[in-house]
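Everything below concerns the one structure shown next.
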Amino acid sequence: MTDKPHKPVHLAAHFPGVNNTTVWSDPASGSQIDFASFAHLARTAERGLFDFFFLAEGLRLREHLGRIHDLDVVGRPDTFTVLNALAGVTGKLGLAGTINSTYNEPFELAEQFASLDHLSGGRAAWNVVTSSDAFTGENFRRGGYLEHGQRYRRAAETVEVTRALWDSWAADSLVVDRQAGIFAREVPETRHRGAQFDIAARFVLPPSPQGHPVLLQAGDSDDGREFGAATADAIFTGHGTLEDGQRFYTDVKGRLAKYGRSPDELKIFPAATFVLGETEAEAQERARHIRLQQVGPQTAIAFLEQVWGRDLSGYDPDGPLPDVEPADNPDITRGRVRHAKDPRAVAEAWRARAEAERLSIRELIIEVTARQQFVGTPALIAEQIDTYVQSDAADGFILVPHLTPHGLDEFVDRVVPELQERGSFRTEYTGTTLRDHLGLRHPHHRSTAREGAKAS
Amino acid sequence: MTRPDFFLAVELAGTGAHPASWRRDDSRAEDLFTGRYWVDAIVAAENAGLDAVFLPDSFGVQPSGPGATRGRLDAVSIAARVAAATHGIGLVPQAPVTHTEPFHLAKAIQSLDFATLGRAGWEVTVSEGAEQARAFGRKRAQDAAALWHEADEAIEVVTRLWDSWEDDAEIRDLPTGRFVDRDKLHYIDFAGDNFAVKGPSITPRSPQGQSIVAVRADGVEDADVAARRADLIRISAGDLDAARARRTELRAALAATGRDPDAVHVLLDLDIHLADSVDAAADELRTLDSWADSLVASAPSLLRHIGTAGTLRAALEAVATAEAADGVVLRPLAIPAALRRLSFLERKSLSPGTLRTRLGLPRPASRYATSTEGTPS
């Protein structure tokens, strides 16, 4: 071992999403939309001293074979509304949400995120995502005309304009001098003329506690990594193995220097699922049971249809793979990323594997779709998480429970104390803002960044 | 006492409707942009037994200069922030439709309705003028006719989206593996002059089904939209006779569109300042006005009540007796001073329940529902 400093583990809680990772068939599965469910997960995450709660977003219901996909949890709330409401039932927890930069306008976004940051006392975070598909655009005035190559340009310009608006009131704008009768100084106009926006605006709010709400980003493409390195405070990834994680971590952190940023100014959060057990064997057994719940018979066929590009409802999920060839049909699933890039090659590989291992359709889909990241006893999972962080494969994890709303309870009760025992996780919140929790400096304190980093 | 069904709401703008209200010692102006300020104010309104709170909003900075309160939090966000701290009061944020996406607005109000267990409303507003248009940079300033035609379309889109999931769309059917019955999720397929929206909403049908829609009827174009679409119509008038005349006009307009005028509440604005005595209230108002000398004065044509909680109670009774309105929206000139005294109105305390129920309105079935027609829910 070197004398490398021990890194603190950062944890975040992902509200279970609208995909088959979230199990709704379990008797313990509660509402995905009642506010009480969001409140429970957020309070649990705060009890566990997590950095933040995270809510994803998708602006059109997914479709499969030309119809609304009906096998997974469907229905989610408005991001801003839920995060503001959660600010009322939590006191320290960061509140992060996905907001699309294509189907929102910078002025309104700036106002909404500044409002969340004010109303939560400095706990707001924005996961900026881009999309440009005509499918989602059908719900918006803007439509889907933004061409693919423009996505990150629009995202970057959106962030640039929102930050300019957040910075537009000088730090001492709010005077509130009753004797002199001055409430606030004049608000200067913010002008922006770029490829995406032509705006002249006076912003409606003084600087919020964090100055800039924390910016999160997910995107594995080269463009996405570059955008993250230039702009984001934290990145979500999906790199599962230690080695993949280290490669991604090194790559992204290595891009920071050219933007004048230090490696600790960007945190890397892989998403991770987990299954706990009293023993290794029990955890493995629970994991197997959950995989069966996540890939029911109809879901197995639907996954197969995504690759085959055609209706396979006539096939028996407990039988062999279809012998028909895949059709090239990129529109079969809309509203989510389609994973199979070369359907024929995938089908061939799957058939070979199913034959060799004597797997039915459902068994194969269970094998080839994502399995749980961390499976084991609380002590083992704590050790694995700590290893990822200490060996620079991550700065922490965003945990994705498979059950709403109690899926995180056991983790907080059992794994968090193990992490604390290892000296890798906080035993109380030491700051009040999400920037404090993440060890990020305030954006207006650039000159004192070094001292600030040490103090937090 | 006022009639039990006489609707009493309060509108909370900044530190108060008076532009110099922040200069009072009790204004809490330093806290204006915190969650605590808004929770305290709205909980006080709830404890005073008020039926609803209106929260004004705009994308424009207040124009009155450095001596007046300026800056404004997003109103839907404020309503969401106080949702868990309140249990009975209706929350009616303003949300403009001129530069925003009706799809976002629809789910925001639906989510507020979920977070409040059925106490959400939406006051529809438009963004006038070039300044707000330039803040978005997407289109030019519009005249009243264009603004309210767009608002009319936006309300149609939003209310269709609110119905786009039938109440029983979520089925969790284990044998077929289906979480939802897709036949109970509906495309709204709206195509109008200002936008086209496909639907369905990403958010399931909320506790009230249709949250309460409020529209202010100051002019011709907004009154027309109000008569066709609002559950609450807000008016302002210089005296009770003018208010009664306006209400009569609006009721005729409601009937002309085929709606039941008794299903719609016409709410009259009433600016108030309250103190321990009528003289003290008048003195305090003079002080506020003296501070405001240098400010751009707002039009003083509104109905005002400067007095005590006792005299306000009598004034409200007079509104009800004169049938000048179905309810009143109190607009405190200085918020903490008024809220402190509203408990002396001796309103019945609010029981938990939806805003719809408080207004005596049934919960409507989804316009897309066919299978449940005529069956009790």
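The values are calculated or read from the model by the stated rules, or taken from the named source; none is laboratory data. Worth saying up front: this structure is predicted, and the values here are computed from it rather than measured. Virtual Cβ from ideal backbone geometry, glycine too; neighbours counted across all protein chains shown. Accessible surface areas use protein heavy atoms only, side chains included; no ligands, DNA or RNA. Shrake-Rupley method; radii C 1.70, N 1.55, O 1.52, S 1.80 Å.
For chain B, the relative contact order comes to 23 percent (Cα pairs under 8 Å, sequence separation of at least 6). Under 14 Å from a point placed 7 Å out from the Cα of B:Thr357 along the Cα-to-Cβ direction: which residues of the range B:192-231 have their backbone N that close? Only B:207-209 pass the distance filter. Mean projected area of the Cα convex hull of the range A:253-356, taken over all directions, amounts to 11.2 nm². From helices alone, the protein assembly as shown scores -10500 deg cm²/dmol at 222 nm; the rule is -39500 (n - 2.57) for each run of n ≥ 4 DSSP H residues, then divide by the residue total.
When you count the other C-beta atoms within 10 angstrom of each residue and take the mean per peptide, A:243-249, B:7-13 line up highest first as B:7-13, A:243-249. Panel values: chain B, Kirkwood radius from alpha carbon pairs, Stokes-Einstein at 25 °C and 0.890 mPa s, translational diffusion coefficient 114 µm²/s. Note on chain A: Cα Rg divided by 2.2 N^0.38 Å, N the number of residues, gives 1.03.
The mean number of Cβ atoms from other chains found within 10 Å of a Cβ in peptide B:98-107 is 5, as a whole number. Counting Cβ atoms of other protein chains within 10 Å of each Cβ in A:182-189 and taking the mean gives 6. Of the peptides A:358-369, A:118-129, B:129-140, A:7-18, the order by per-residue mean of other Cβ atoms within 10 Å, starting with the highest, comes out as A:118-129, A:7-18, A:358-369, B:129-140.
Using the Cβ-Cβ distance between A:Asp26 and A:Glu147 with R0 set to 35 Å, the FRET efficiency from 1/(1 + (r/R0)^6) comes to roughly 0.25. A protection proxy built from the mean count of other Cβ atoms within 10 Å ranks the segments A:27-33, A:377-383, most packed first, as A:377-383, A:27-33.
In whole percents, the pair-distance distribution calculated for the range B:118-229 from its alpha-carbon pairs, binned every 5 Å from zero, is 2, 11, 17, 17, 18, 14, 9, 5, 4, 2, 1, 0.
Structural size metrics of the protein assembly as shown, computed from C-alpha coordinates, are Rg and Dmax of 27.9, 94 Å.
Between the Cα long axis of helix B:220-229 and the first principal axis of chain B there is an angle of about 50°, rounded to the nearest 10. Shown is the FRET efficiency for B:Ala314 and B:Leu174, computed with R0 = 56 Å from the Cβ-Cβ distance and rounded to the nearest 0.05: 0.35. Note on the range A:38-170: Cα-only Rg and Dmax are 16.3, 53 Å.
With contacts taken as Cα pairs under 8 Å at a separation of at least 6 residues, chain A carries a relative contact order of 22 percent.
Solvent exposure of the range B:58-161, expressed per residue, is 24 Å² of accessible area, with all protein chains present and a 1.4 angstrom probe. Calculation over all alpha carbon pairs of the range B:1-102 in 10 angstrom steps from 0 returns a P(r) of 14, 44, 32, 9, 0 percent.
Based on the reciprocal of the average 1/r between different C-alpha atoms, the Kirkwood radius for the range A:302-385 equals 14.4 Å. Note that the range A:95-228 carries a Kirkwood radius of 16.0 Å, evaluated over its alpha carbons pair by pair. Taking every C-alpha pair closer than 8 Å and separated by at least 6 residues, the mean separation divided by the residue count of the range A:97-242 gives a relative contact order of 27 percent. Which angle between 0 and 90 degrees, to the nearest 10, do you get for helix A:35-47 versus the longest principal axis of chain A when only C-alpha atoms count? Between helix and principal axis, roughly 70 degrees. Per residue of B:193-203, other chain Cβ atoms within 10 Å of the residue Cβ number 5 on average. Bridges between two residues of the protein assembly as shown, per DSSP, are antiparallel at a rate of about 20%.
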